[in-house]
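Data block below; observations after.
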Amino acid sequence: MADEVFMDIPRVEQMSKSFETFGSILEGVAKALLAISIAMKAAAWISFGATAAAAAYADRIRPNVDKAAQKMHELSGDITGAIKAYRDGDLSGSKRFV
């Protein structure tokens, strides 16, 4: 196994930006689920509870979407930190890619 680590920095930066974008998109999805849930709960009296069940389903999904968004932002930050460590020649950071 080679002791040398190589990183294509522009491609890895693009990957970091992609994770950040995914996180932002998932945050938007979570906000949309919240709005849908509120609207369905408000309309539940018209539909005799059918929309309340759909709202409960949206409420159950939303925490998972929030967690996924946080994870995407975390991964983006980790990748950015690894790029900085690689650029600075930090051996502990570069070992993440061995």
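A few remarks follow.
- Here the contact order of the chain, divided by its residue count and restricted to Cα pairs under 8 Å and six or more residues apart, works out to 39 percent.
- Per residue value of the accessible surface for the chain (all protein chains in place, 1.4 Å probe), Å²: 70 Å²
- Accessible surface of the stretch 1-85, 1.4 Å probe, proportion on carbon and sulfur as whole %: 66 percent
- Projecting label points 7 angstrom from Cα along Cα→Cβ for residue 25 and residue 8 puts them 2.1 nm apart.
- C-alpha long axis of helix 9-42 to longest principal axis of the chain, angle in °: 10 degrees
- Calculated [θ] (222 nm, deg cm²/dmol) that DSSP helices of n ≥ 4 give over the chain, each run adding -39,500 (n - 2.57): -28000 deg cm²/dmol
- Against the chain, whose longest principal axis comes from its Cα atoms, helix 50-88 is set at around 10 degrees.
- FRET E, pair residue 44, residue 71, Förster distance 30 Å, beta-carbon r, rounded to 0.05: 0.40
- Dipole size of the chain about its Cα centre, with +1 on Lys/Arg Cβ and -1 on Asp/Glu Cβ: approximately 480 debye, rounded to the nearest 20.
- Length available on full extension from residue 52 to residue 64: 0.36 nm per residue minus the Cα-Cα distance, which gives 2.4 nm.
The values are calculated or read from the model by the stated rules, or taken from the named source; none is laboratory data. Since the model is a prediction, treat every value here as computed from it, not as a measurement. A quick note on method: Cβ atoms are made from the backbone with ideal geometry, for glycine too, and the neighbour counts reach across all protein chains shown. Accessible surface is based on the protein model in full, side chains and every heavy atom, while ligands, DNA and RNA are left aside. Shrake-Rupley method; radii C 1.70, N 1.55, O 1.52, S 1.80 Å.
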